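Chemist: After the structure tokens below, expect a handful of questions from me.
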């Protein structure tokens, strides 16, 4: 495996690809750890997560420096993301301690029924290129799988393999010091290793963050196994923002430009399509804002840079017209942010216009009436997030929020979807093709639910029950008993 500096294109020495035997050994270690992880009380699992978070916090600067060599996102962005990743892992530790995610319920009957969520088993995690800390080896997927009691084998991302190895080494040491079972976390590298991992019969689930092409490839492979397993893939989509007629005057074009060019447009929540009322002059305002701000930066990999250029050309072939495009003046894989205009009719008739282009480009379409707007809303693909920009007492707002909620996982009012808060109420998912599992989220407390399944025990003696269901409640978790919630 090779690593590259996006600023120059120069190659960096990286860890070698894993051999088939090394993949099998990592899975065998995870299988050996699974029972110990599943049996560990919530406070022990939380302690392991806190240990990882503390290790990250103690190494923010060197980790960010290593990341910047491979992804060129800048030290300010990367030190912030690294610190937030540690805080996120601590949040998941607090979720584990609270215990409600176990869904423990008891009906004394007869018959006596007791239901609880149990871990799936070893999980394969495929992280993202654009968030090397938040969605990397120690990102949301790994943290929530460990929290749920599942051992993890992560695949090093080809955009940042050196950082992947450093993060895994740091976490392995922290887990060992904290007393977690050996094999709780493993790392493999290389395309072939990833395919072998998904096909291994001991892997019970896959978590993926990245492109639609990559997510669907894993989804198909997992579905074609002798024993199919779930793939929780969060994939790229076009996230739509709508401006109402009443909201046009106070619309913040600088905020829109800042959002779709943030991280050089390499956010899964980038607003890629803006629907604006005709006659308000928003396309010109947005073009002027882009020209004035002229954001500069690099795309993560050579492949992403080439795909971005191809994607913009495809948009133009399909009927979009460039309003403005910044000039590339540097070396390596520097991006050229662009704004393109498109008609509502073209959006309805050309599916290519509603496919994500990963990078700093946005389409702007002006609608002449509510009927024309609604016709476009009908053909929007599923997405992670949408936004509405409206006036304070806007009569169009309630209907638009309802319409957009049908096709996304999160609706933002008078703000932008870039930036995903981590908490109990977050939903970072959405209808197909945003994800392969619309009922789940990859961010927030509910993310643990991907890696557990419910089991009911009927008329089972107390000594044979899982600790979460025993009469004495030894884990001291909240439970629903005969219909009443008991903390």
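Nothing in this text is a laboratory measurement; each read-out follows from the coordinates by a stated rule. Remember, predicted model here, so these are calculated numbers, not experimental data. Reconstructed Cβ throughout: ideal geometry from the backbone, glycine too, with neighbour counts over all protein chains shown.
Chemist: Could I have the simple spin-label model distance between residue 486 and residue 378, label points 7 Å from Cα toward Cβ, reported in nm to one decimal?
Modeler: 5.4
Chemist: Principal axis lengths of the stretch 438-487 from Cα atoms, whole Å, largest first?
Modeler: Principal extents (Cα only, largest first): 37, 21, 20 Å.
Chemist: Mind checking the angle between helix 370-379 and the chain's longest principal axis? C-alpha axes, 0 to 90 degrees, to the nearest 10.
Modeler: Computed tilt is about 50 degrees.
Chemist: Could you tell me what percent of the DSSP beta bridges with both partners in the chain are antiparallel, to the nearest 5?
Modeler: 35
Chemist: What is the log10 of I(q)/I(0) for the stretch 1-65, computed with the Debye formula using one identical point scatterer on each Cα and no solvent, at q = 0.16, 0.24 Å⁻¹?
Modeler: -0.92, -0.99
Chemist: Can you give the percent of C-alpha pairs in the stretch 309-453 whose distance is more than 21 Å?
Modeler: When all Cα pairs of the stretch 309-453 are counted, 54 percent exceed 21 Å.
Chemist: So what's the stretch 218-285 giving for Cα Rg divided by 2.2 N^0.38 Å, two decimals?
Modeler: 1.68
Chemist: Students often check this: by mean Cβ neighbours within 10 Å, which of 463-469, 160-166 ranks highest, and how do the rest follow? Show your work: numbers first, answer last.
Modeler: Details: 463-469: 15.9, 160-166: 23.4.
Taking the mean over residues of other Cβ atoms within 10 Å, the ranking is 160-166, 463-469.
Chemist: Can you give me the Cα centroid spacing of the stretch 316-333 and the stretch 116-188 in angstrom?
Modeler: 37
Chemist: Shifting gears a bit: Taking every Cα atom in the chain, find the radius of gyration and the maximum pairwise distance Dmax, and write them in Å.
Modeler: Final numbers for Rg and Dmax: 23.6, 75 Å.
Chemist: What is the Cα centroid distance between the stretch 196-252 and the stretch 436-469, reported in whole angstrom?
Modeler: First find each Cα centre; the distance between them is then 23 Å.
Chemist: Note down the nm distance, to one decimal, between modelled labels 7 Å out along Cα→Cβ at residue 459 and at residue 19.
Modeler: Between residue 459 and residue 19, the label points sit 5.5 nm apart.
Chemist: Now for a separate question. What fraction of the DSSP beta bridges in the stretch 239-413 is antiparallel, stated in percent and rounded to the nearest 5?
Modeler: Percentage antiparallel, nearest 5: 20.
Chemist: Could you calculate the FRET efficiency of residue 425 with residue 59 from 1/(1 + (r/R0)^6), where r is the beta carbon distance between them and R0 is 25 Å, rounded to 0.05?
Modeler: For residue 425 and residue 59, the calculated efficiency is 0.20.
Chemist: If you don't mind, there's one more thing I want to ask. Evaluate E = 1/(1 + (r/R0)^6) for residue 191 and residue 476, where r is the Cβ-Cβ distance and R0 equals 41 Å; express this FRET efficiency to the nearest 0.05.
Modeler: Values: r = 45 Å, r/R0 = 1.11.
The pair residue 191/residue 476 has a calculated efficiency of 0.35.
Chemist: Between rounded, prolate and oblate, where does the stretch 104-232 land on the alpha carbon gyration tensor, with a ≥ b ≥ c its root eigenvalues, rounded for a/c under 1.5, else prolate if a/b exceeds b/c?
Modeler: Oblate.
Chemist: Let me ask another. How much length is gained on full extension from residue 112 to residue 43, taking 0.36 nm per residue of separation minus their Cα-Cα distance?
Modeler: Numbers: separation 69, 0.36 × 69 = 24.84 nm, distance 2.79 nm.
Using 0.36 nm per residue and subtracting the Cα-Cα distance, I get 22.1 nm.
Chemist: Right, next: So how long is each side of the stretch 1-119 along the principal axes, counting just the alpha-carbon atoms, biggest first, in Å?
Modeler: Cα spread of the stretch 1-119 along its principal axes, largest to smallest: 70, 37, 20 Å.
Chemist: Then there is this: Quick one: helix 42-57 against the long Cα principal axis of the chain, what's the angle to the nearest 10°, folded into 0 to 90?
Modeler: Approximately 50 degrees, to the nearest 10.
Chemist: Determine, from the Cβ-Cβ distance of residue 280 and residue 352 and an R0 of 35 Å, the FRET efficiency 1/(1 + (r/R0)^6), rounded to the nearest 0.05.
Modeler: 0.85
Chemist: What's the exposure ranking of 235, 75, 264, 1, going from fewest to most Cβ atoms within 10 Å? Don't skip to the end; give the middle numbers.
Modeler: Numbers: 235 24, 75 12, 264 29, 1 18.
Listing 235, 75, 264, 1 from fewest to most nearby Cβ atoms yields 75, 1, 235, 264.
Chemist: Still on this structure, please answer the following. Calculate, in nm to one decimal, what residue 75 and residue 250 gain on full extension: separation in residues at 0.36 nm each, minus their alpha carbon distance. Don't skip to the answer; put the middle values down first.
Modeler: Working: separation 175, 0.36 × 175 = 63.00 nm, distance 3.35 nm.
So the extension gain works out to 59.6 nm.
Chemist: Based on the alpha-carbon set only, what is the convex hull volume of the stretch 239-413 divided per residue, in Å³?
Modeler: In the stretch 239-413, the Cα hull volume divided by residue count equals 99 Å³.
Chemist: Among 127-135, 108-116, how do they line up by average Cβ neighbours within 10 Å per residue, starting with the highest?
Modeler: Per-residue mean Cβ counts within 10 Å order the peptides as 127-135, 108-116.
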